[in-house]
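Student: Starting off with a structure, shown below.
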Amino acid sequence: MTAPRTAGASTPGASTPSASTPGAPAHPRRRAPHAPATLREAWIALAGLSAVFLFEMLDNSILNVALPTIGRELGSSTTGLQWVTGAYSVVFGGSMLLFGAISDRFGRRRIMLIGLVLLGVASFATAFVTTTEQLIVVRAVMGVAAAMTTPGSIALAFRLFDGDDLRVRAMTLISTAGLVGLAIGPTAGGFVLAIAPWQVLLLINVPIAALAFVGIKAGIARDAVADLHHDPIDVAGAILGTATIVLALVSPTLFVNDGTGSWAPWAAAGGAVVAALAFVWRERTARYPLLDLKLIALPLVSSGLAYKAASGLAVAGLSYMVTLQLQFAWGWPPALAAIGMLPQVVVLLASGTFVGPFVQKVGLDRAAWLSAAAVVLGLAVFGLFSSFGYIWVLIALVLVALGMRVVGVVAGNNVLRGLPANRTSIGAALVDTSSELATGIGIAATGTILAAIFTGNIASSNWSAAQGAEFQLAITIAGLTLTAVAAALVAFGIVRSRRVAVSADTNAATSSAIDAAGDADDADATDTSADTDTDATSATQQAI
């Protein structure tokens, strides 16, 4: 029987932060056998992992531009459109920790391959969708597939190489594929809608899943038994965690749709609180918790998660609001709206070569908070000034593109540096959970505010002047609300990362003092020895 994990206990094949260095990176890690010395040596694996990340980032972004078309063809309500994108994010974020733990237990490569098959099947099912409800179900299944594949992709990329330099470069390459997908999604989607039905936008996932399956199957070896943990899976914790997330995101929508006089929204909100408290109690008392809460308390981990959450909140809210504003409020056709999103693509592609030098110049921690702050600033610009014309939308898109180009790499790398080696999948799951939950919250909050303020069907083709004013008011309130929350997350991340720096400086000073004391002791010993030798020599000479 495997011994239960206890605080401070070491795990086979892993190293934990030193007791004298709270939140210090969990290094050194065991060197992977035959670790590639260059990115070129691992190109097959990186191609497969990049395809996985491409799907994750492309999925919602390419669908955003089609929301007006989907709403008109399927007769979707404002809430229905919200859950076409929100169902994916909620299920993805809600089940990520479970599949991260399963991947660490049964093999990251194995779970990823199963998830890719599920992704291909669910994406193909889009061709047969005829109602909004059916589409929401398909999107939820795709969220499960994403939860099975994404944590393993980051963990495998991190474990594939030795040294932070190659890891940062590999993650930069993989994130480039994802961020390009996020950026070109609206542009490509707009042009596709001009010549093909909207279902094609999700069917594109089928060849992406096939490419990822082949690349990972051929380029990545099976997980070594020593790299996996053997603790039982905390099913109760997984159920409670998922229930907390889903109920917390559903309750605001129920309050808007059913009103405060209905029992359903109050039941959902109360259920979320009860499930959250039960989850914390379960994770504190279980012999084998799904999520060791002590890991989140580590400064490197908590700061990285805060930055990712802030970025996810801002990016999701901005993408959703820009799409609706360009097409609904300003009446732009999908192709023109796609061109309006094009500057984001240009910035993402052009700034890729500057990520490495920027990180080397300012350091991982500073790069993380600077990039997260840029994303939040872009959201603030949109919320305050988007009503004054497209130029302000353009500025917001550029700021967000510059920030998210960096934050995805450095924040995730910081989290994984702070964790034991055999917990990298759960660590990667934490990274993506924070981002996806923030995405779900951003979409749910924006959709809820829109539904509360906007009267009538948002998918209708002709708005009155009053509806236009309501929409702009809702966009402003939603943008500023998300900005305030994201800014608070960035501030929290800065405070936590500074704690790591202070601890490192303190330990360095202590180490220097110890070394200096040791040198002084050595010098005294040498002087004493020399004096003794001199006295002995003098006595010998006198005796002779």
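Just so you know, all these numbers are worked out from the coordinates, no wet-lab data involved. Keep in mind the model is a prediction, meaning the values are calculated, not measured. Methodologically, a virtual Cβ is constructed for each residue, glycine included, from the backbone with ideal geometry; neighbour enumeration extends over all protein chains shown.
Student: Got a sec to turn the phi values of the stretch 442-451 into Karplus ³J(HN,Hα) couplings, 6.51 cos²θ - 1.76 cosθ + 1.60 with θ = phi - 60°, whole Hz, x for Gly and Pro?
Tutor: Going residue by residue, I get x, 5, 5, 5, 5, x, 5, 5, 4, 5 Hz, with x marking Gly and Pro.
Student: Separate question: Of the listed peptides 398-411, 311-324, what is their order by residue-averaged count of other C-beta atoms within 10 Å, with the highest listed first?
Tutor: So the order, starting with the most tightly packed, is 311-324, 398-411.
Student: Ok, one more. Length gain on complete extension for the stretch Val214 to Asn257, per 0.36 nm per residue less the alpha carbon to alpha carbon distance?
Tutor: Fully extending the segment from Val214 to Asn257 adds 11.0 nm.
Student: Give me the one-decimal nm value for the distance between modelled label points at Ala469 and Ile44, 7 Å along each residue's Cα-to-Cβ direction.
Tutor: 6.5
Student: Ordered by packing density, taken as the mean number of other Cβ atoms within 10 Å over each peptide's residues, highest first, how do 355-363, 189-197, 444-452 rank?
Tutor: 444-452, 189-197, 355-363
Student: Using the Karplus equation 6.51 cos²θ - 1.76 cosθ + 1.60 (θ = phi - 60°), what ³J(HN,Hα) coupling, rounded to whole Hz, does each residue of the stretch 385-400 give in order, writing x for Gly and Pro?
Tutor: Computed from phi, the couplings for the stretch 385-400 are 10, 4, 5, 8, x, 5, 4, 6, 5, 4, 4, 4, 4, 5, 4, 5 Hz.
Student: Here's another thing I want to ask about it. Work out the FRET efficiency for Ala484 and Arg110 from their Cβ-Cβ distance, taking R0 = 41 Å, and round it to the nearest 0.05.
Tutor: E(calc), rounded to 0.05, equals 0.45.
Student: For the stretch 463-493 and the stretch 272-336, what is the separation of their Cα centres, given in Å?
Tutor: Distance between centres, Cα-based: 17 Å.
Student: Mind listing the phi-derived Karplus ³J(HN,Hα) values for the stretch 132-145, rounded to whole Hz, using 6.51, -1.76 and 1.60 with θ = phi - 60°, and x for any glycine or proline?
Tutor: 4, 4, 5, 5, 4, 5, 4, 5, 5, 5, 5, x, 4, 4
Student: Using only the alpha-carbon atoms, what does the stretch 236-289 span along each of its principal axes? Please give whole angstrom values in decreasing order.
Tutor: 42, 13, 11
Student: Subtract the Cα-Cα distance of Phe385 and Val280 from 0.36 nm times their separation in residues, and report this length gain in nm to one decimal.
Tutor: 33.7 nm
Student: Here is a further query. Calculate how large, on average over all directions, the projected area of the Cα convex hull of the stretch 266-361 is; give the answer in nm² to one decimal.
Tutor: Averaged projected hull area, Cα only: 11.0 nm².
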